[in-house]
Amino acid sequence: MDHEKTGALIAARRRELKLTQDQLAERLGVTGKAVSKWERGQGCPDVSLLPGLSETLGIQIEQLLAGAAPVNRPDGGNMKRLRFFVCPQCGGVFTASKNGEITCCGRKLEPLAVKEADEAHAPSVEEIEDDWYLAFPHPMEKDHHILFAAHLRFDRVMLIRLYPEQDPCVRLPKMPKGELYFYCTRDGLMKIKL
Ligand SMILES: [Zn+2]
Ligand SMILES: [Zn+2]
């Protein structure tokens with residue numbers, strides 16, 4: 001993520017929507033100071049804030065990350081081409097579209113290779129009301145846990161960050177034709193069809 005480009009895009013879009021920094025902050029549940037920092041390129045929104053930011057600003061997550069204004073490409077917003085990155089130094093989770101580059105902690109990150117989920121990782125899927133409830137048969141130890149789960153569809157991505165010691169479960173709104181990607185800190189990125 002290029003902090004300066006992303007920050008400039010957030011600022012430009014916020015002004016277009018006639019929102020103050022505090023108003024945007026309030027909608028995201030962060031401080032006005034945080035928004036001000038992003039806009040000056042001095043930090044970037046946590047990955048957990050991206051879906052809300054994307055919705056509030058009406059900018060797709062991949063564009064937010066690339067810091068580019070929306071462009072009309074026939075394949076624009078094809079989330080199935082999204083690639084995932086994890087910074088080995090800080091554990092930051094990033095996504096980028098096909099040709100996007102991600103730099104974190106002073107180095108360029110390589111996109112994660114994805115494989116089909118094996119038995120030790122594939123979650124059980126249960127329907128609860130309008131949601132899917134996914135439970136991973138997996139430890140949540142500091143050096144071996146599920147770091148994130150991301151539900152991908154052609155036009156959207158929902159990424160949920162998980163932490164050691166919490167239950168290895170996520171609840172997602174049902175969306176047809178999606179794929180679930182998830183990352184094990186020891187065994188890497190895997191996916192299943194939903
Ligand atoms: Zn990092
Ligand atoms: Zn594992």
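With +1 on the Cβ of every Lys and Arg and -1 on the Cβ of every Asp and Glu, and nothing else charged, how large is the dipole of the chain about its Cα centre, in debye rounded to the nearest 20?
The calculation lands at about 860 debye.
Can you give the extra length, in nm with one decimal, that the chain gains between residue 55 and residue 177 once fully stretched, where that is 0.36 nm per residue apart less the Cα-Cα distance?
So the chain would gain 41.8 nm between residue 55 and residue 177.
Convert each backbone phi in the stretch 175-188 into a coupling constant with the Karplus relation 6.51 cos²θ - 1.76 cosθ + 1.60 (shift: θ = phi - 60°), then list the ³J(HN,Hα) values in order as whole Hz, x for Gly and Pro.
With coefficients 6.51, -1.76 and 1.60, one gets 9, x, 6, x, 10, 9, 9, 8, 10, 9, 5, 9, 10, x Hz.
Would the stretch 3-66 count as rounded, prolate or oblate if I go by the C-alpha gyration tensor, calling it rounded below 1.5 in a/c and otherwise prolate when a/b exceeds b/c, oblate otherwise?
Rounded shape, in that the Cα axes give a/c under 1.5.
Based solely on its DSSP helices, what 222 nm [θ] is calculated for the chain when runs of n ≥ 4 H residues each add -39,500 (n - 2.57) and the sum is averaged over all residues, nearest 500 deg cm²/dmol?
The helix contribution divided over the chain gives -6500 deg cm²/dmol.
In whole Å, what is the distance between the alpha-carbon centres of the stretch 166-187 and the stretch 1-71?
That distance is 25 Å.
So how much slack lies between residue 46 and residue 147, counting 0.36 nm per residue of separation and subtracting their Cα-Cα distance, in nm?
34.9 nm
Read-outs: derived from the displayed coordinates by stated rules, not from any lab. Fair warning: this is a prediction, and the values are worked out from it, not measured in the lab. A quick note on method: Cβ atoms are made from the backbone with ideal geometry, for glycine too, and the neighbour counts reach across all protein chains shown.
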